[in-house]
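The values are calculated or read from the model by the stated rules, or taken from the named source; none is laboratory data. Bear in mind the structure is a predicted one, so any value in this text is a computation, not a measurement. Ideal geometry is used to build each Cβ from the backbone, glycine not excepted, and the neighbour counts take in all protein chains shown. Just the protein is used for accessible areas: all its heavy atoms, side chains included, with ligands, DNA and RNA removed. Shrake-Rupley method; radii C 1.70, N 1.55, O 1.52, S 1.80 Å.
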Amino acid sequence: MNIDYFDIESLLSEDEILVRNSVKQFVESEVLPVIEEKYLEGSFPNELIPKLAELGLFGITLPVEYGCAGLNNVAYGLAMQELERGDSGVRSFVSVQSALVMYPIFTFGSDDQKKQWLPKLANGNLIGCFGLTEPDYGSNPGGMVTNAKKVDGGYILNGAKMWITNGSVADIAVVWAKLDGVIKGFIVEKEFKGFTAPEMKGKHSLRASVTSELVLDNVFVPEFNILNGSSGLKSPLMCLNQARYGIAWGVVGAMLACYESALEYAKSRVQFSKPIAGYQLTQAKLVGMITEITKSQLMNYQLAKLKDNGKAKHTHISMAKRNNCDKALEIARIAREILGANGILSEYPVMRHANNLESVKTYEGTHEMHTLIIGEDITGFSAFD
Ligand code: TGC
Ligand code: FAD
């Protein structure tokens, strides 16, 4: 089923529809059959990695000369939407690889660095992660204490990162550290002495996704591995723009899965004299859901157009990330309500999506951070401190 109340499909090109349909088909045939089990087990379905690469989903907007698909932002968004219709953890995997690892190498790296890493990241032979958050610096990454010192032939890195998606499975980590007080990006390879990435356990959310600490204990990073084009907090924030954009689209996929599940259930579950879909209270819930989905779809489409035309501001992206994550979580919770007791079972996707969305609303800038970012933009007053 394509839930598209305002016929947004009529705005899509044939290529964009093709991307959406092929990712959707992949999710239906390869992700949905395994995801509940993987979620309950607490592991990522690694067997999907070569297939995600084959579909061209890693670095989807980057140029073909690096083995990427070179597609536009509508296609990127639709791909993320369809992946997250399956599971936020699968979309996270692709977000990190594309927006947080390949994008910084493409944007801040030298030609040699691009040639060395991008094709292998595009074909899934290398997996990457992105280390910005620290135990004491989450919403305020500018305060980070991880630091780099210049030495002969390279740098010595010390510090710790926390909550890092794909950390323990990554071959390379894009680590942000202060060099003479200025934030720079470094490519830390998993074999480097003094570098470890213990997995974080006990999550009730994003269970089909690996989350880790990164520990840097006097790690020598050769000169070749510094991202010289990066400078200051603005550089990691530019990467976050790419990922937040993908999340804004992705969570619409989670909304669609929850809405579809609740609608079908409501039409067939009979209580008192008729299906619960026939009661006004249930209809009000379903109407609220489809209206929020439609608003998010329209905002995403216009955001994509702004982005493709180089006119998207980071505050536009904040608005879409903030709104869509909030509404997705609300929709997932209401869907669970409509399903009654069945809503907590793994037979239905809604509780998994609801739990995942708790993280999605938090990472890449919490709801509150995006409120303050937009608040500052419209009033001219910063309310962070
Ligand atoms: P502030 O002074 O506001 O900004 C510093 C410089 O950066 C510029 N800037 C941006 N540039 C590009 N894109 C953006 N989004 C930008 N936001 C700000 C700003 O203009 C300034 O430039 P300049 O030239 O003046 O130096 O910084 P602040 O220290 O006051 O901090 C505020 C800020 C923006 C950091 C905070 O609002 C924020 O965004 N916090 C959230 C942190 C965050 O999102 N962390 C995410 C970690 S990664 C992650 O969660 C991955 S999840 C992966 C997955 O599994 O999918
Ligand atoms: P804090 O910053 O401690 O915030 C706690 C609460 O205080 C929040 O509600 C926040 O909104 C509020 N708050 C903070 N400051 C203010 C203020 N000024 N005004 C009002 N309220 C405020 N990070 C990475 O670098 N790489 C990753 O790959 C990555 N993956 C993640 C995966 C998962 C599953 C999760 C859960 C997180 C991940 N993160 C990652 C970290 C994520 O970006 C941070 O959790 C997020 O930025 C918030 O930081 P925090 O958890 O330290 O919360």
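Please work out the average accessible area per residue across the range 128-227, using the 1.4 Å probe convention, and give it in Å².
42 Å²
On the protein heavy atoms, probe 1.4 angstrom, tell me the percent of accessible surface of the range 8-122 carried by carbon and sulfur.
Values: 2200 of 4270 Å².
Ligands and nucleic acids excluded, carbon and sulfur give 52 percent.
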Measure of exposure for Val188: accessible area at 1.4 Å probe, Å² rounded to 10, is 0 Å²
For the range 8-122, with every protein chain kept in place, what is the accessible area per residue (1.4 Å probe, Å²)? 37 Å²
Okay, helix-only estimate at 222 nm for the chain: each DSSP H run of n ≥ 4 adds -39500 (n - 2.57), divide by all residues, round to 500 deg cm²/dmol; what do you get? -15500 deg cm²/dmol
Straight-line reach check, Lys115, cutoff 13 Å on alpha carbons, 8 or more apart in-chain or any other chain, hits among aspartates and glutamates -> Glu65
Quick test of the membrane-span-like rule: which DSSP H helices of the chain reach at least 27 Å along their long axis (C-alpha atoms) with mean Kyte hydropathy at least -1.0? 234-268, 280-308, 314-338
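Let's see if you can work this out: charge +1 on each Lys and Arg Cβ, -1 on each Asp and Glu Cβ, no other charges. What is the dipole magnitude of the chain about its Cα centre, in debye to the nearest 20? Please report the intermediate quantities before stating the final value.
On the way: 37 positive and 44 negative charges, 112 e Å.
Here the size comes out at about 540 debye.
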With only alpha-carbon pairs counted, each pair once and no self-pairs, how large is the Kirkwood hydrodynamic radius of the chain in angstroms? 21.3 Å
Using alpha carbons only, how many angstrom separate the centre of the range 138-193 from the centre of the range 46-120? 22 Å
Only Cα pairs under 8 Å and at least 6 apart count here; give the relative contact order of the range 128-227 as a rounded whole percent. 33 percent
Pairs Lys51/Lys361; Lys114/Lys361; Lys161/Lys190; Lys201/Lys361; Lys24/Lys285; Lys38/Lys203: which are spaced more than 23 Å apart, C-alpha to C-alpha? Lys51/Lys361; Lys114/Lys361; Lys24/Lys285
Quantify, in whole percent, the carbon and sulfur part of the accessible surface of the range 254-385 (1.4 Å probe; protein heavy atoms only). 55 percent
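Take the alpha-carbon positions of the range 221-319, form their convex hull, and give its projected area averaged over all directions (one quarter of the hull surface) in nm².
Working: hull surface 39.1 nm².
Result: a mean projected hull area of 9.8 nm².
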Going by average Cβ neighbours within 10 Å, how do the peptides 316-324, 252-260 rank, with the highest at the top? 252-260, 316-324
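Rounded, prolate or oblate: pick one for the range 8-122, where a ≥ b ≥ c are the square roots of the eigenvalues of its C-alpha gyration tensor, a/c under 1.5 means rounded, and failing that, prolate if a/b is larger than b/c, else oblate.
Numbers: a/c = 2.27, a/b = 1.24, b/c = 1.82.
Here the range 8-122 falls in the oblate category.
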Which three lengths, in whole Å and largest first, does the range 29-83 cover when its Cα atoms are put on their principal axes? 38, 20, 18
